[in-house]
Amino acid sequence: MSSHLAAEFPDSNIPRVSFECLTAPESAPASITSITTSILSATHSLDVVLPRINDTTKPAVHAVLVACFSAHPLVPMLRELTTLPIVGIMEAGILYGSQVGGNVGVVTTDKRWEPLLEHEIEGELGLKRQCAAGVLSSGLSVLELETLPKEQVYAALCKAAKKMVDEREADAILLGCAGMVGLTEVIQMAVGQEVTVLDPVVCAAEMCISLARMKLRTAKKGRYEASEPPKQNL
């Protein structure tokens, strides 16, 4: 998946912006399918991300994008441990979607994610109103996005997106998995031009760029106050 994300954001497309993709170690879960795997993923990924942030021998990091469509624990963990802007793709996608639609809906992977994401959107992010059409499963697992034939993947995602529009009257469709990166045009053709389709990875990347250019940092008073000095000072 990291290679797909890297291909989506070649450095030459955005002047003075460079993306570096990091992959969780082999000890991390192969895919995130539950609360447990989400926590394990965050724990193992922290061991990769934090050393890179603090590595002064490499170009400085100005923002971090966490490419899991959930209220992933790595986001608040890094906000607590650094002063960098840390952006999760679900939160960024919903916020961007609410600017271009009045009834945003998420098309996700397997059925397990429907209650998990509904809870996180309302309970952890407080964005239920901005995602009023809710979450709808495509029936695919995260790994099947890469292992199944493209035609089968496209058919399942397009069917779910059309159902979201027809039955829930969604006017903006948010792709509910980082593994769906690059599929906006496919979904757009299925739902028509009157509906807006958003890739949350692109939304989060643009948010990272904006926050970095504004030289904003994560506040160290209140929720993200660390128990020890932050590892990175801007």
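The values are calculated or read from the model by the stated rules, or taken from the named source; none is laboratory data. Keep in mind that this is a model prediction, so the values were computed, not measured. Heads up, the Cβs are rebuilt from the backbone with ideal geometry, glycines too, and the neighbour counts pull from every protein chain shown. The accessibility values were calculated without ligands, DNA or RNA, using every heavy atom of the protein model including side chains. Shrake-Rupley method; radii C 1.70, N 1.55, O 1.52, S 1.80 Å.
List of remarks:
- Taking first residues from segment 40-66 that are closer than 18 Å to Glu206 by Cα and in contact (Cβ under 8 Å) with a residue 24 or more places away in the chain and partners that are open to solvent by 60 Å² or more (accessible area, probe 1.4 Å) and outside any helix (DSSP H, G or I), the Cβ contacts under 9 Å between residues at least 6 apart in sequence or on separate chains come to Val61/Glu20; His62/Lys215; His62/Leu234; Leu65/Phe19.
- Residues in segment 29-82 that are surrounded by fewer than 20 Cβ atoms within 10 Å (Cβ to Cβ), in a loop (DSSP other than H, G, I, E, B) and of a type in the set (S, T, N, Q): Ser31, Thr33, Ser34, Asn54, Thr56, Thr57.
- Scanning segment 179-201 for residues that are aliphatic (A, V, I, L, M) and more than 16 Å from Met90 (Cβ to Cβ) yields Leu183, Val186, Ile187, Met189, Ala190, Val191, Val195.
- Test: Glu122 is out of contact with any Ser or Thr (no Cβ under 6 Å at 6 or more places or on another chain), under 22 Å from Pro73 (Cα atoms), modelled with pLDDT of 95 or more and among the acidic types (Asp, Glu): yes
- Residue within segment 55-74 that is in contact with an Asp or Glu (Cβ under 6 Å, 6 or more places away or on another chain) and among the hydrophobic types (A, V, I, L, M, F, W, C) present: yes
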